[in-house]
Amino acid sequence: MMMTCPKCSRVNPQEAVYCYFDGFVLSGASAGTGPLAINTLRFPSPFVFMSGRSCLNFDDLAIACHEESKPASDMLKQGFLESFLASIGRVDLSMAAKEAAKFPDSSRGLDELLGKFPSSVLSEARLNLSSQEINLGVLSRTAKREIKITIENGGMRLLFGSITSDSTWLAIGETGNASVKNFQTTGELTVPLRIVPEKLRASDKPLVAKLKIDSSGGSSVVLIRAEVPVAPFQLMPLSGALNGRQIALKAKANTKEAAILFENGSVAKWYESNGWSYPVQGPSASGMGAIQQFFEALGLTPPPKTFINQTVVNLVGAPRQELAFELTVGTEEKRSVYAHGFADQSWITSKNPKLTGNSAILGFVIPQVPDRPGELLVSKIAVTSNGNQKFLVQVNVQVSGKYVAPRSEPAPELVFTKPPEVVVNAPPPTEIPEADDTIKVDPKLRKNTKGLKSSISLVHYVPFAGLVSLMVILLIADAVGVGVGGKTEGGPGVAKNESSQSSFGYSFDIDKKAELKLDFSHKSKSRNFRFGLFAADKKDPKDESKNLRLTYDQEGDSNNTRIRIDDSDYLFAHAMKDVRVIEDKEDSKRRVWRVSCDYLFKGERIKVSQFVQIVPGSQSGNLDTCIIRYTVENKGKNSHKIGLRMMLDTFIGGEDGVPFVVPGTDGFVTKFTEFTQKDMPDFIEAMQFQNLDNPGVIAHLGLKGFQLPDCEPEPLYKLYLGENPGSKEFGYDAEASDLATKTGKDGSRFTDSVAFLYWNERDTNPGEVREFVFSYGLGEISKPDGSSGGKLSVTTGGNTNAGKTFTLTALVKDATKGQAVSIALPEGVNLASGETKEKTIVEVDRATQMSQVSWKVSATKSGVYSLKVASGQFSSQTKVQIREASSSLFR
Amino acid sequence: MSFNLFLYYCAIFGAYAALTAAFISRLATQGVTNELLQSVIDGALVGALISFAVGILDTVWSTGKSDIKRLVIRSLGAGFVGLFGGILGGVTGSFIVRITGVQFFVLIGWTISGLLIGLSLGLFDLVFALATKSPAPHDNKIKNGLMGGALGGFLGGAFFLFFKLSLGAIFGRENLLSASGLGFVALGAAVGFFIGLAQVVLKEAWVRVEAGKRIGKELILSKPETFFGRAETCDIGLFGDNSIEKIHAKLLMQKNRYLIADAGSVSGTFLNDQKVTKPTELKAGDLIRLGSYILKFNEKPGKKK
């Protein structure tokens, strides 16, 4: 409930003890007494300035704010005063402080607040002027003059207001022609005033300008007086005239001589020299017309009623052709006629009018018809004649479609002298609009702000051009293979200088010579859509008529792939009832081949695609690796149990039964071995010769770590390495007994090795797409350096992207069981969890005297790293390129 | 600055900011293999820089003054909000793509990022107003920013995907500088443009300088009080005319009504040639004259009263 002061009837907050306005006590024992001296009432807690000045009451606070106005303004802006006033219960003053803080001018804001304080210790602002009248004496229209007035604040509050000059010849300020100036001061202020000579008007009476000062401390007027005598006309026969009427009288007496002075502008200049406006508007007429023009302008004689010969002019002309036409303004009275006209289009120019007594001929020229063939150009000509009589003439120019060469070219067929076709009987012109004194926005002002195109000037195109340039630079950078944050030494994900193509997201130089090639059985044999791998430039060391192969059959005829769908087995791409090959597409340029099959099973459709391509090896960068990808899509409406098995009949440089290097195992795999998903190695390698100095062909079977941008391959479920019985076309499930039965020449060792790769046979949901990937191609081992003596070499495989784990395998020749092999890693490369730097040889292959030790390692950043292994006195090192793997949303 | 120019610069500022984010992110995430962390860094940079850049432009445009302190605070505040928006969008989008395996769903992430970047300007104004206990901004600013940002994020994301796939096919590899650069530029330009477009298209009332030194400048009315005068702190600075006071007039927004009031000027404020002596309601097309300046008040047709 608000409390109303019984004395002043003003409303106070409920908690008010006394009236905030007059100090009348509102509650408590002293209610009804007072008034209290609020200004000296002690605050519950003092308000302390940052300077340490302590204010105990409103008087103290007001004086402190006056004397330390800058800190006070800052505290007002920062809300300290607002919160202080709220804390002492003066919500009204706190709100006032909040409003005052919003003032753009902090001094004004502070003054507003001080005005609301219940204190009269600060006297109100009072306007005092140094003088009320200034007499400048005689002024010249050619000399500049400056004066000053002083405004003094007779009070303590802020004096603010404005100074207004009512005369154009008296400007406020040192520069410009301002007639109004705002001011504010707590002390004294000097205001410069400036006489604007060109605005002085000569007169036989003194000029008086009023300088009005309105302020918070009152208003006042300063009178500025000056005299500007009239300069008499100097030339005969009008000499001595002191005003227009005297000029007219003298001209009437000597018309012929006077006409010359009007015609040549002497009279107009005399008017101007005295600061007067010449009454004749527009160009001066000639002869008697000039005198009549002056008389009419002074209102000494009425103008004759004039007419114009036409209000519409129709012209036809070719682009760049010159056209000319005339308008005649006349009168039926025996009076001189003068007239002039201006076109609103820049392509029409006007000539000096010919005055011939009671008519005036206005000539207009179109020097070059604008080069806008086929358009109808329209212009308006405003003609003004005696007594400001106006005519509006519309000019229509039909630009013909035929191009006319410029006049300077000697083209005889051009007709520049052809007179314009003038059509007199044309539609009437638009009437001249009446003057309108309301606010109108000049359309010209809007001209440059209409539409995006016109509103963006050239300078605004600069940032856009910069952006486009940057984009072009990026495109060029990509074209030449420059990247940020990655090496460009070739391999998957990195392009070199030439054009590149992708599949699996890999990129490479397709024109590069491939070391490994694909061949397909469907070309010449049984059309079973199998593939083989061979090195075209190398011959089988045991059969010079054949290429060096990585698969037993160059066209892959001894390989096969089987699909199992709900316990039914199918040979991949083997056409039969309910199985059809729907795509067989080879792109020899990109060394890629795709085969897709539809398996129609119980009315359901399963699509299986085989996609093979020769790509660069992840470390070598050479086109020496084949990626094999199977995509299984359940296009039916029900879930189906689907698995896939690929049998690869390996063949390494004429050898069909070489031992396999399998990282993670103790020695070499020379007989049937099964690997499950849990112990699946990153890769398997086999060397043609078990000689580290000359390993011959190295086959590299990649099993894990494929990071393809467009697919998430399922891990390999099972791997068999075994002996190929040869006489049997294996079914989906290769029997271990079959794979292990045949005994080679070297006892139990392989004589014809095969690899069976299985992907999990599991329920595949409708719409689900499964991806199976492995690679097969040429591998490489580090060349034993001088210190290794041909006894130690290194090979790598797996996912060599940053942050991923790959395998490094040391191959040791002529080692003994228990021999230590250690690895040295550079900064940024770390051993995987559970690995130790030093390992011992567990097994030595008796036949080849070869051993192997493997480590799982990873690198955190991209780059090329040297990894070194050592055993006894021997050491060997290899370089591994680590690349970025990115799949951020924003990449 | 006209609306057209404002839109143009919204797109340009957004594009440059996004491009800068792309480059910084590339450098900052070198060696970072954690996809989530990459998305966080990318999203944070994109969100913060676009919001910051558009915040600068919006501040300069909407207040028309060179109050550096306010400019910096507002832009940094917007950038801060945008930073979280970018992170949220980036992480969400990455997560959805990872779960579904459908690349198209990156658009969800982009849309969320754009939406929160669009929100950043209005949200900062709201937070600032609450913190300083000053009048809250019109809620249209937040709504328009949300709509514009979401649309810009979606279309920018679509452009991004287009560039990524098409340039990837042309160059035959992933992670291209140009695809990333063009994609980011498209995203930034789209987000910036649509945030600006939403402000412009969905504006309810605005004034345009029809005559005077700053001819063509337009200002959307989104504050309870809009000040005109020659003080630099005014929302529309009317410079070069000494007959105009530092605070000459103010335009008040009260319950969907707009009123013009003179702020005690000497030369006066005129509405359609009539001197304004008390707060007077404006209607579309009204001309306000202050000294040599003429401002035209415009209002969206059919606006609720």
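The values are calculated or read from the model by the stated rules, or taken from the named source; none is laboratory data. These figures come from a predicted structure and were not determined experimentally. Counting neighbours? That spans all protein chains shown, and the Cβs are built from the backbone with ideal geometry, glycine included. Surface areas here come from the heavy atoms of the whole protein model, side chains and all, with no ligands, DNA or RNA. Shrake-Rupley method; radii C 1.70, N 1.55, O 1.52, S 1.80 Å.
For the range A:116-209, the set of GluC sites (Glu not before Pro) satisfying both a DSSP loop assignment and a count of at most 16 other C-beta atoms within 10 Å is given as A:E124, A:E174. Near A:L355, within a Cβ-to-Cβ distance under 13 Å, what is the net charge of the other residues, with Lys and Arg +1 and Asp and Glu -1? Net charge around A:L355: +2. Summarising the amide proton neighbourhood of A:L26: residues at separation of 5 or more, or on other chains, whose placed amide H is nearer than 5 Å comprise A:Y18, A:C19, A:G32. Calculated accessible area for the range A:610-653 comes out at 21 Å² per residue, all protein chains present (probe 1.4 Å; ligands, DNA, RNA ignored). Per-atom-type breakdown for the range A:606-648 gives carbon and sulfur 38% of the accessible area (1.4 Å probe, protein chains only). When peptides B:176-183, A:244-251, A:468-475 are ranked by their average number of other Cβ atoms within 10 Å per residue, the highest-first order is B:176-183, A:244-251, A:468-475.
The portion of the accessible surface of the range A:25-179 made up by carbon and sulfur, rounded to a whole percent, is 51 (1.4 Å probe; DNA, RNA and ligands excluded). Protein heavy-atom surface of the range B:205-299, 1.4 angstrom probe: 49% of the accessible area is carbon and sulfur, with nucleic acids and ligands not counted. Heavy-atom accessible surface of A:T255, to the nearest 10 Å², is about 50 Å², with a 1.4 Å probe and all protein chains retained. In a simple Cβ point-charge model (Lys, Arg +1; Asp, Glu -1; nothing else charged), the range A:187-287 has a dipole of about 240 debye relative to its Cα centre. Here's the picture: charge each Lys and Arg Cβ at +1 and each Asp and Glu Cβ at -1 in chain B, and of B:G212, B:N144, B:A284 the one pushed furthest to the positive end of that dipole is B:A284. Normalising the average separation of contacting C-alpha pairs (under 8 angstrom, six or more residues apart) by the number of residues puts the relative contact order of chain B at 16 percent. Each Lys and Arg Cβ is given +1 and each Asp and Glu Cβ -1; about its Cα centre, the range B:205-299 then shows a dipole of about 60 debye. Charge tally around A:A343: other residues with Cβ under 13 Å, Lys/Arg +1 each, Asp/Glu -1 each, net +1.
Per residue of peptide A:854-866, the mean number of Cβ atoms on other chains within 10 Å of the residue Cβ is 1. Take each residue in B:239-250, count the other chain C-beta atoms within 10 Å of its C-beta, and the mean is 3. For the residues of B:14-24, the average number of beta carbons from a partner chain within 10 Å of their own beta carbon is 2. Helix B:35-63 and the long axis of chain B differ in direction by around 20°, with both axes built from C-alpha atoms. Surface exposure of the range B:205-299, expressed per residue as accessible area with a 1.4 Å probe, stands at 38 Å².
With respect to chain B, whose longest principal axis is taken over its alpha-carbon atoms, helix B:68-100 is tilted by about 30°. When A and B come together, around 5300 square angstrom of accessible surface is lost from both chains combined, probe 1.4 Å. Average accessible surface for the range A:1-116: 51 Å² per residue, computed with a 1.4 Å probe over protein heavy atoms with every protein chain in place.
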